[in-house]
Amino acid sequence: MKFQIEDVTVYFPYDHIYPEQYAYMLELKRTLDAKGHCLLEMPTGTGKTIALLSLITSYTLSKPQNPVKLIYCTRTVHEMEKTLAELKLLHKYQVQHLGPASRILALGLSSRKNLCINQRVLAAENRDSVDAACRKLTASWVRAVAAENPSIPTCEFFEQYEKAGSGAVLPPGVYTLQDLRAFGKEKGWCPYFLARHMVQFANVVVYSYQYLLDPKVAGIISKEMQRESVVVFDEAHNIDNVCIEALSVSVRRQTIEGARRNLNRMRREIDTFKATDAGRLRAEYNRLVEGLALRGDMANTDNWLSNPALPDDILKEAVPGNIRKAEHFLHVLHRLVQYLEGRLETENVEKESPVVFVASIVNHAGIDQKTLKFCYDRLHSLMLTLEITDTDEFLHIQTICDFATLVGTYARGFSIIIEPFDERMPHIPDPVLQLSCHDASLAIKPVFERFQSVVITSGTLSPIDLYPRLLNFNPVVSRSFTMSLTRDCICPMVLTRGSDQLPVSTKFDMRSDLGVVRNYGRLLLEMASVVPDGIVCFFVSYSYMDGIINNWNENGILKEIMQHKLVFIETQDVVETTLALDNYRKACDCGRGAIFFSVARGKVAEGIDFDRHYGRLVIMFGVPFQYTLSKILLARLEYLRDTFQIKEGDFLTFDALRQAAQCVGRVIRSKADYGMMIFADKRYSRHDKRSKLPGWILSHLHDAHLNLSTDMALHIAREFLRKMAQPYDKAGGSGRKTLLSQEDLEKMVEGNMNDMFY
């Protein structure tokens, strides 16, 4: 369908549109007009992705004089592929209506591991090894030697791509990762470097959050992006954690040992070069004297990761004299590694600010702050001079230099925390030195400043007013949408006690109580006997899940549950979990029914959908608070309180409830779907906890469902399932439509729009 939103003609590839999609587009258009940033919470399963894509691409088509580039960030490769598939459909529809003039170039960009088509390179097991295997074949010095000696292996796909020169371009169209690989095979060109090159010319780019938020990657991939871009962070409820991880570094004993090996190898390489090609080391020294940390004309293949500090904080001056010579720089690194090793020998937990830590390095190792700042760039320069291609072997020394550069650059918003062992396993010595970032606004600040509009959207952004404070920005639009439904297909319940009227909770003092464990088991058993097909259970942690399942096994509850349904469990092993999910789906498909045990904050809670018969009920056992004794969390809470005036309790509750909402939101993936959500913990009945759930869940949570026992919940479940089994009208009755055709939309715009929504 085709309709107007003010001065923009929107092309929407389906015959009907939901009212909330239309409202979402309106708010989005206001944001683009105002050239500002926005926060939009839209319920899961209401077509958020297609609404975003159709409005932004249509907006560009209607304003050809200043076209807007769309940078769409997803969390996983699976989400990236889904987004590009939607875009393909939309693009086909737009070309149908507007002809070839509306053709765009849209592509996904991922790591070499997902784009490479050279079988020798793909044989490596992990991402870092694939990157290194690629460099061994494509580095400029390897190719220079291969030109004289044909027996040296190179990558035929990259050679073909280089030979094509400026002719190596992607024709307009929408390319998924699969399409890019197929195009590369057909032309004989390297899809990874082709995609990297085409990103700057594309109208739509879909890639991972890291490519914008992690300075090490963003410095290479995203520095060419123009200001007239709209950045969309989809499923962005955890965006503050992504920002924090991008600027945090951990150093363990293995890192120290690995860094020692790296330094010894570099020393041997330097000695070899001194004997055979001293001119190259001298040339590097002269370049550094002139103030050029890196050659400006560096080949694309030689690019390593960029500086870990944010672009504005990198010093624009010459490398200090004491680390210009390669062997002097290695001495400095050796002293730094020795100092860090000494700090790891502690028996108590230590916490320091970067300023104190840097002062201690100056006193004990004689390395000043400015030298620390330049460690990363100087290492990068040395690696290029020594022509090192197996970069995966040098990750340890890279981590040390990451750490040094960040410690030297930032005085606020960070802490150094040294822990001699993990508190949950105190008998195993595993010392770790962590530079942890507490301020999520640091990593995202360049994105807000550089791009015209940033859209942060997800199904769970409640309470929405906390995000502007955490990320330190002023949105021009901040809005939460509800779901328009023809029938109540979501049934949330708060279960506070078992059938024996004993309260249930995973509070620390109650979680190991046998009464609570038994009541949780009885709840699941009763529900398994009533609910058809799939049930998904989320626990607060792996250790709690292991404990409770063991207990149920000893008491015979698990055996009873398995008479009704098969049981599958998420583990920390990705392959095992994938297999369990596969078999869970099979059991649901063949009518046997199954239960999936999972963990909040795990992989399943974040990215797997349990739509239709795969999830008719989700039970959230307890409130998924973070481990509150974690030193890093305590330091972050203190920082948030002092800097942004966010109370500890408010942040912890907000964080726990966005995770709970994320877990239960897995059950409903479209309006034709239906499912129940049980929050099994007495704390959910308190208003301060409950009110932080998203509006679209709260609007279906009736007062009568706020304080249930197991038998009452069972009665409600039976009634709900009976009601859902009846046939229903998808478009909505005469009074309230939830599927709008083109005529309905036109009438609605002419009449009063508010009647439709509220």
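The values are calculated or read from the model by the stated rules, or taken from the named source; none is laboratory data. Note that the structure is a prediction, hence the values are computed from the model and not measured. Cβ placement follows ideal geometry from the backbone for every residue including glycine, while neighbour counts extend to all protein chains displayed. The accessibility values were calculated without ligands, DNA or RNA, using every heavy atom of the protein model including side chains. Shrake-Rupley method; radii C 1.70, N 1.55, O 1.52, S 1.80 Å.
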For the range 153-304, convex hull of alpha carbons as volume per residue, Å³: 209
Estimated vicinal HN-Hα couplings, Hz - the range 115-130 in sequence order (Karplus 6.51, -1.76, 1.60; Gly, Pro = x): 10, 5, 10, 8, 4, 5, 6, 5, 5, 5, 7, 10, 4, 5, 5, 5
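With every protein chain left in place, what is the accessible area per residue of the chain in square angstrom, probe 1.4 Å?
Normalised by residue count, the accessible surface of the chain is 41 Å².
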Antiparallel DSSP beta bridges within the chain, percent to nearest 5: 25
Exposure of Ile220 as accessible area (Å², to 10), given a probe of 1.4 Å and all protein chains: 30
Three-way shape call for the range 378-462 based on the alpha-carbon gyration tensor, with the a/c threshold at 1.5: oblate
Amide H partners (placed H, <5 Å) of Tyr72, local residues excluded: Val205, Val206, Tyr207, Val232
Hits among lysines - C-alpha to C-alpha of Lys351 under 24 Å, sequence gap 8 or more where chains match: Lys370, Lys373, Lys631, Lys647
Listed residues Trp304, Val10, Ala218: farthest to the positive end of the dipole of the chain (Cβ charges): Val10
Peptides 246-252, 135-141, 5-11 ordered by average Cβ neighbours within 10 Å, highest first: 246-252, 135-141, 5-11
Prolate/oblate/rounded label for the range 620-680 (Cα gyration tensor, a/c 1.5): prolate
Surface accessible to a 1.4 Å probe, Tyr285 within the full protein complex, Å²: 80
Spatial separation of Cα centroids for the range 74-129 and the range 669-694, in angstrom: 35
Value of [θ]222 nm, deg cm²/dmol, for the chain, DSSP H segments ≥ 4, -39500 (n - 2.57) each, nearest 500: -15000 deg cm²/dmol
Cα Rg, Dmax, the chain, angstrom units: 28.2, 88
Ranking by accessible area, most exposed first, for Arg612, Arg669, Arg412 with a 1.4 Å probe: Arg412, Arg612, Arg669
Cα shape, the range 592-715, gyration tensor, a/c 1.5 rule: prolate
Assigned charges on the beta-carbon of Lys, Arg, Asp, Glu; the chain dipole about Cα centre (debye): 520
Under 26 Å from the Cα of Lys586 - lysines, other chains or at least 8 residues apart: Lys82, Lys559, Lys565, Lys603, Lys671
The range 401-492 - percent of accessible surface contributed by carbon and sulfur, probe 1.4 Å: 50
For the chain: relative contact order, % (alpha-carbon pairs under 8 angstrom, 6 or more apart): 17
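Provide, as a two-decimal number, the C-alpha radius of gyration of the range 108-166 over 2.2 N^0.38 Å, N being how many residues it has.
That ratio works out to 1.15.
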Cα centroid separation - the range 330-357 against the range 398-448, whole Å: 12
All lysines inside 19 Å of Lys223 as judged from Cα atoms, apart from same-chain residues fewer than 8 positions distant: Lys69, Lys316, Lys445
